[in-house]
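So the structure is just underneath, and the comments pick up after that.
The values are calculated or read from the model by the stated rules, or taken from the named source; none is laboratory data. Since the structure is predicted, the reported quantities are computational estimates derived from the model, not experimental observations. Because the Cβ atoms are built from the backbone with ideal geometry, glycine has one as well, and the counts that use them run over all protein chains shown.
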Amino acid sequence: MFDNLSEKLDKALHVLKGHGQITEINVAETLKEVRRALLDADVNFKIAKEFTNTVKEKALGQDVLTTLQPGQLMVKLVKDELTQLMGGDVEGINLSGTPSVVLMSGLQGSGKTTFSGKLANYLKTKKTKKPLLVACDVYRPAAVDQLHVVGEQIGVEVFSDRGNTDPVAISKAGIAYAKANGHNVVIIDTAGRLAVDEEMMNEIANIHKAIQPQETLFVVDAMTGQDAVNTAKAFNDILNFDGVILTKLDGDTRGGAAISIKSVVNKPIKFIGTGEKMDAIDVFYPSRMAERILGMGDVVSLVERAQEQFDEEESRKIQKKIAKNQFGFDDFLSQIQQIKKMGSIKDLMGMIPGAGKALKGLDIDDDAFKHVEAIIHSMTPLERSTPAKLDASRKKRIAKGSGRTIQEVNQLLKQFDQMSKMMKMMQGGGGKKMMQMMGA
Ligand code: GDP
């Protein structure tokens, strides 16, 4: 996420690190680079200019000349300003009605249908709501099918009326259906066009007027940069929507949309989409996003994700096994599964402070575990539970079965052995021993 921007900002801010104090000259130099980085990330020119002007004023103001190093001070100022620009506080969605109606708007391909499913899944699992999805795209039968597939996947009911060509009538019928069947949230997925056109705008405006949703969300593809901001403006003029959903932030986005959109339409980004799967949804936290952009990581989100996926019973079982020296490859596999559930490896790496930079250029993809898994899957149950049994001929067979080399099998065994030893040490009150081992 935003690799390019992060790198450029880091470089810009680095200039100040060697200086003992902030002067008008070194601030100007640094901010010129910051502005260039923002423009390269497709941030609107006016916003980038205002941004650097504000930071400059603050940097040169008497009140901030604290004991911090200039480099650190500048990073802090830029971080605060980025946070402010992206919205400051977190804003949730309004679920006050009975049922509460959420209307989705946006261009075709922006990720409306996918996000409708993600939101339904999120509300169902996190907020114990009973959502209903309503398919209002009367032009593309495939879009209705897609919503049904999504609904099936997440176990949420989908309302559609294929013969009907009036989206206002369908949305009204959907809400009535929800009322009659105990659904307390209705998510209405609408038709989009490839570009803003009058007919589409009229249609969504009519639906909006007729159903008066508690929450109108505008979904936009973050990859489209400045276009995303312009489209947002066009939709906001008509709908006066409540919040923005920024999708495809897992891709190679430059970051401009995330940074500019709030200040152009004065509406908060509420959620982000970070993948095609139904759980690839995150609440948008401006300050955490600013930290990520500045390569400071996002430890809070990382810990939250770990907690969400943390299976207490599984963890107790593993601890017992370690204590009894019974930790085997099956347990190792289950640990890998838990890590994978937390998200894509690249995404997780971006949340670790400094990791993005340190690992730059390394090709970390989600297949990173695939070879390890293939090797373990080629082992017999006995070999998995008792790795000591792995002699040369067994290793050869496993290498062949998994399509990996003997060296790779050996390497995995070595890593596994080291890991087991380390875990044993940590278990046996060996925190001290561990520190000794690490040379502390
Ligand atoms: P709609 O036309 O607005 O309903 O858009 P869709 O929901 O059909 O999404 C268009 C495409 O974008 C599909 O291939 C989705 O799988 C993909 N997509 C949606 N959201 C995300 C996201 O957050 N990340 C990625 N990588 N792809 C997404």
Q. Does MET422 satisfy the criteria of being part of a helix (DSSP H, G or I), modelled with pLDDT under 90 and in contact with a helix residue (DSSP H, G or I) (Cβ under 8 Å, 6 or more places away or on another chain)?
A. yes
Q | Residue satisfying condition, being aliphatic (A, V, I, L, M) and crowded, with 23+ Cβ neighbours inside 10 Å, within set LEU133, LEU73 | A | LEU133
**Q.** Filtered residues of segment 158-175 (kept if surrounded by 17 or more Cβ atoms within 10 Å (Cβ to Cβ) and not β-branched (Val, Ile, Thr))
**A.** PHE159, SER160, ASP161, PRO167, SER171, GLY174
Q: Scan segment 80-112 for residues that are of a type in the set (Gly, Ala, Ser), more than 16 Å from the ligand (Cβ to nearest atom) and surrounded by 18 or more Cβ atoms within 10 Å (Cβ to Cβ) and report the count.
A: 2
**Q.** Count of segment 113-132 residues which are more than 8 Å from the ligand (Cβ to nearest atom), of a type in the set (Val, Ile, Thr) and either within 24 Å of ALA228 (Cβ to Cβ) or part of a helix (DSSP H, G or I) (or both)
**A.** 1
Q: Would you check which residues across segment 310-337 are of a type in the set (Ser, Thr, Tyr) and either at pLDDT 75 or above or in a loop (DSSP other than H, G, I, E, B) (or both) and list them?
A: SER334
(Q) If a residue must be more than 22 Å from GLU7 (Cα to Cα), away from the ligand (no atom under 16 Å from the Cβ) and among the basic types (Lys, Arg), how many such residues does segment 245-294 contain? (A) 2
Q.
For segment 58-73: of the residues being at pLDDT below 80 and aliphatic (A, V, I, L, M), which is nearest to LEU5 (Cα to Cα)?
A. LEU73
**Q.** Residue in segment 223-235 that is within 13 Å of the ligand (Cβ to nearest atom), farther than 14 Å from SER105 by Cα and not charged (D, E, K, R) present
**A.** yes
Q | Exclusive hit being more than 20 Å from ASP242 (Cβ to Cβ), of a type in the set (Gly, Ala, Ser), modelled with pLDDT of 95 or more and within 23 Å of the chain's Cα centre (by Cα), set GLY109, GLY151 | A | GLY151
Q) Is it true that PHE235 is aromatic (Phe, Trp, Tyr) and either at pLDDT below 90 or in a helix (DSSP H, G or I) (or both)? A) yes
